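Take a look at the structure set out below.
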Amino acid sequence: MKWDLILVRYGEIGLKSNYVRRQLIEKLKSHIKKSIEIEGVEEYKIESPRGRVFLETPSIEKSINALSYVPGIVSYSPCKTVEPEVASIVDMAMQISQDRLAENMSFAVDARRVGEHEFTSQDLKEIVGKELRVESGASVNLDDPDYTLTIEVREDTAYLFTDVYSGLGGLPYGVQGKLISLFSGGMDSPVATALMIKRGCDPIALYIDKGGFGSKKERERAVKVAEKLSRLTPEGLKFIKLDFEGIYSAIKDDADKETCILCKRAMYKAGERINEIEGAKGLITGESVGQVASQTLDNLMTLDESTSIPVYRPLIGFDKSQTQKISMRLGTYQASKEDVGGCPILPERVATVSDPMQIKETENKIKIDEEIEKTVENREVDLIKPD
């Protein structure tokens, strides 16, 4: 079946005031345009009558894939279109179903209307359902059908479809402003970043390069995962790298059980400086309560004390398996799970309850703020786009 267009549905955008809704829909249309162009779609038309967005293009399959990367879309369906007359709708329903509905299958017909017509939604269900049953010999099952044909009639056009693809949901990318994501490329930080993208945020990935305390594989993984994630951002993902080798060296020489907390606080402080430079509105981290020793409630409080800006932790109540499932759906899982080696300065025992006074004394001793300012001044900035 050669489909005519794709019907795109949004969710909470429709709950906004008229003024805000119009702005969000225009953002959504702009991002749809950019996403389908990335997939190589050249011929298209995007329209947005109330409650829906319609994408008309001969490149349906490419567009179906492209729409899966656009935040703000709840679902979408490739459609056939006909005039809103019963005879035309029945004829198209038969054409769509002839190769999809067999005698040994069950089916249902769903219908809804917007506007005034000479028939009701129930009329359509009964008339089309009867014709399909007679023609195919299939049985009706409204609870759990093998096949569902949906008819949506809107003013002067009827749209018929059989497939509903799930979208990312949420809000259009970037409408809430910028955030700085502490981005390692491991399992957690990309998922946390993606969840905030879905809520309308524009993330900047901040990668902490350990220098001699890390590995080339670790750096390559971060870039590879950022490339995957950049498919969700219409203009690419801004990627900032900070050289933390000197900071790691100083912490290694002057800390023991609280090494992890000192390192993470240094990242928070660096993130706050980048936040100020970029005009962002806070940090994103992939922390989850109790997942590792440095993420106990006591230690999270100590981390929060290191910065004056908001810290957003979308994974705070997730367990690892939940995060992994989202990572798989994002397409970042395989890259994120690569073994890049452990942290060479990880102490044998990590403090689960840190001593804020002791930590601040150590930070003052190693002049952490001065070291952070140096590394921020020498930051490397790149724009990551899909590979």
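The values are calculated or read from the model by the stated rules, or taken from the named source; none is laboratory data. It should be emphasised that the depicted structure is a prediction, and the values quoted were computed from it without experimental measurement. Don't worry about glycine lacking a Cβ; one is built from the backbone with ideal geometry, like all the others, and counts go over all protein chains shown.
Overview of results
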item: Scope region 190-245; condition hydroxyl-bearing (Ser, Thr, Tyr), over 17 Å from the mean Cα position of the chain (by Cα) and at pLDDT 95 or above; matching residues; result: 207
item: Any hit, region 236-257, residues being aromatic (Phe, Trp, Tyr) and touching a Gly at 6+ places or on another chain (Cβ under 8 Å); result: yes
item: Positions within region 50-96 being of a type in the set (Ser, Thr, Tyr), out of contact with any Asp or Glu (no Cβ under 8 Å at 6 or more places or on another chain) and crowded, with 22+ Cβ neighbours inside 10 Å, in sequence order; result: 69, 76
item: Close pairs from region 214-230: first closer than 28 Å to residue 71 by Cα, partner among the polar types (S, T, N, Q) and in a helix (DSSP H, G or I), Cβ under 6 Å, at least 6 apart; result: 225/336
item: Strands (runs of 3 or more DSSP E) wholly inside region 3-95 that include at least 2 residues being without any contact (Cβ under 8 Å) to a residue 60 or more places away in the chain; result: 45-47, 53-56
item: Subset of region 103-125 (residues that are surrounded by 14 or more Cβ atoms within 10 Å (Cβ to Cβ) and either hydrophobic (A, V, I, L, M, F, W, C) or part of a helix (DSSP H, G or I) (or both)); result: 105, 107, 108, 109, 111, 119, 121, 123, 124, 125
item: Filtered residue count, region 141-157, keeping only those that are assigned to a loop (DSSP other than H, G, I, E, B) and within 16 Å of residue 119 (Cα to Cα); result: 2
item: The lone exception for residue 358 - which of (1) more than 35 Å from the chain's Cα centre (by Cα); (2) exposed (fewer than 13 other Cβ atoms within 10 Å of the Cβ) it fails; result: (2)
item: Subset of region 30-83 [more than 19 Å from the chain's Cα centre (by Cα), of a type in the set (Val, Ile, Thr) and closer than 26 Å to residue 17 by Cα]; result: 46, 53
item: Checking residue 37 against (1) surrounded by fewer than 16 Cβ atoms within 10 Å (Cβ to Cβ); (2) on the phi > 0 side of the Ramachandran plot; (3) not aromatic (Phe, Trp, Tyr), the condition it does not meet; result: (2)
item: Filtered residues of region 375-384 (kept if surrounded by fewer than 14 Cβ atoms within 10 Å (Cβ to Cβ) and touching a residue at least 24 places away in the same chain (Cβ under 8 Å)); result: 378, 380, 381, 383
item: Flag for residue 294 being in a helix (DSSP H, G or I), more than 24 Å from the chain's Cα centre (by Cα), at pLDDT below 95 and not assigned by TED's automatic domain parsing to the domain that holds residue 65; result: yes
item: Subset tally (residues that are aromatic (Phe, Trp, Tyr) and crowded, with 18+ Cβ neighbours inside 10 Å) for region 1-34; result: 2
item: Unmet criterion (only one of (1) within 19 Å of residue 314 (Cα to Cα); (2) touching a helix residue (DSSP H, G or I) at 6+ places or on another chain (Cβ under 8 Å)) for residue 224; result: (1)
